[in-house]
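Working notes, beginning with the structure itself.
Read-outs throughout are calculated quantities, based only on the coordinates presented, and are distinct from any laboratory measurement. Keep in mind that this is a model prediction, so the values were computed, not measured. Glycine gets a Cβ as well: all are built from the backbone with ideal geometry, and neighbour counts include every protein chain shown.
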Amino acid sequence: MVQNQQCPSRETKTLTVQLIVGLAITLACILLFTELGEDVSQRETFVVDLLLIRWVEALRSPGVTKWMNHVTDLGSVTWLTMATIITTIALWRRGKLRDGVMVAAGMAATSILNTALKDMYERQRPEDALIHEIGYSFPSGHAMGAMAFYSFLLYLMIKSTWQPWIKSCTGLLLLGIIAVVGWSRVYLGVHYPTDVIAGFVAGAFIVITSLCIRETYRRYRQRSSWSSS
């Protein structure tokens, strides 16, 4: 009986700490994005954009360009849509429908928010890009989508029963994919570095918000089950 009373207390404290950390990260994302967005609205030139673009241009070569054309597809709308559907169905078939709903809803929110932000800031893409892209530049949809989707996979992987070394290797792989997708957008000349940074920040906002909602609901169900028992 005493154990049943202590478990909800520990769970509540853990959830409270997680929500505070999540709220802090969310606020930091909002502040950083707002700061970038304000400068973009005023059509200010970022020194970091100029420096990184010049550096990237010096690194271009036919072989790297061909590889980057393939890598960037890991953040494309087509690939992320298919991957989200496959992941959601796989989670549903394994009895993890709520996680599937979180991923699907989070990716849908990512798409809607990215479109709204692009239309809000109306930043034109850089000139002399290596590939043709349509639409506005800020924030990067590839970077935002990659941050959201692969971070959701990272969360699901951490929750899994895989061996620690497999989790570590998979985690590094997922983080590497996020970074390389963002880098590919700058390399191919379709985004400014600040577009990619903003995309990462906005994607992180979606993920943290989704995880806070998911964990709050999960702990609520646990408390209800403890109360009924």
Full extension between A108 and L172 adds, at 0.36 nm per residue less the Cα distance, a length in nm of 20.5 nm
Output row, site R60, 7 Å Cα→C-beta label point, backbone N cut-off 16 Å, window the range 184-207, residues 184-193
Note, the range 190-201: 3J(HN,Hα) by Karplus (6.51, -1.76, 1.60, θ = phi - 60°), whole Hz, Gly/Pro = x, goes 9, 9, 7, x, 5, 5, 5, 4, 4, x, 4, 5
To the nearest 20 debye, the range 2-228 has a Cα-centred charge dipole, built from +1 on Lys and Arg Cβ and -1 on Asp and Glu Cβ, of 1400
Phi-derived 3J(HN,Hα) across the range 109-125 with the Karplus relation (6.51, -1.76, 1.60, θ = phi - 60°), rounded Hz, x for Gly and Pro, is 5, 4, 5, 5, 5, 4, 4, 5, 5, 4, 5, 6, 8, 6, 7, 6, 6
Which residues qualify? For F138, with a placed amide H closer than 5 Å and at least 5 residues away or on another chain, they are R123
Where a ≥ b ≥ c are root eigenvalues of the Cα gyration tensor, a/c under 1.5 meaning rounded, otherwise prolate if a/b exceeds b/c and oblate otherwise, the chain counts as prolate
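Ordered by packing density, taken as the mean number of other Cβ atoms within 10 Å over each peptide's residues, highest first, how do 86-92, 39-45 rank?
Numbers: 86-92: 15.6, 39-45: 11.3.
Top to bottom by mean Cβ count within 10 Å: 86-92, 39-45.
If you take every residue apart from L211 with its C-beta less than 13 Å away from the C-beta of L211, what net charge results, scoring Lys and Arg +1 and Asp and Glu -1? List each step's numbers first, then the result.
Values: positive: R98, K159, R214, R218, R219; negative: D99, E215.
Cβ neighbours under 13 Å give a net charge of +3.
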A student applying the Cα gyration tensor rule (rounded when a/c is under 1.5; otherwise prolate if a/b is larger than b/c, oblate if not) would label the range 120-229 oblate
Going fewest to most other Cβ atoms within 10 Å around each Cβ, H132, H191 line up as H132, H191
Among V47, V71, V207, the residue with the largest mean-square fluctuation in a Gaussian network model of the chain built from Cα contacts under 10 Å is V47
Whole-Hz Karplus couplings 3J(HN,Hα) for the range 148-162, θ = phi - 60° and coefficients 6.51, -1.76, 1.60, Gly and Pro as x, run 5, 5, 6, 6, 4, 4, 4, 4, 5, 5, 4, 6, 6, 9, 5
For the chain the mean separation of alpha carbon contacts under 8 Å (6+ apart) over residue count, i.e. relative contact order in percent, is 32
Extend 7 Å from the Cα of I131 along its Cα-to-C-beta direction; within the range 151-192, residues with backbone N under 14 Å of that point are 180-191
Rounded to the nearest 500, the 222 nm mean residue ellipticity computed for the chain from DSSP H runs (n ≥ 4, each -39500 (n - 2.57)) alone is -28000 deg cm²/dmol
Expressed in angstrom and rounded, the centroid-to-centroid distance over alpha carbons for the range 160-181 and the range 44-103 is 15
Least to most buried among D195, D119, by other C-beta atoms within 10 Å and fewest first, runs D119, D195
Expressed in nanometres to one decimal, the distance between label points 7 Å along Cα→Cβ at V77 and T161 is 4.0
The farthest towards the positive end of the charge dipole of the chain, of the residues S160, G75, M144, given +1 on Cβ of Lys and Arg and -1 on Cβ of Asp and Glu, is S160
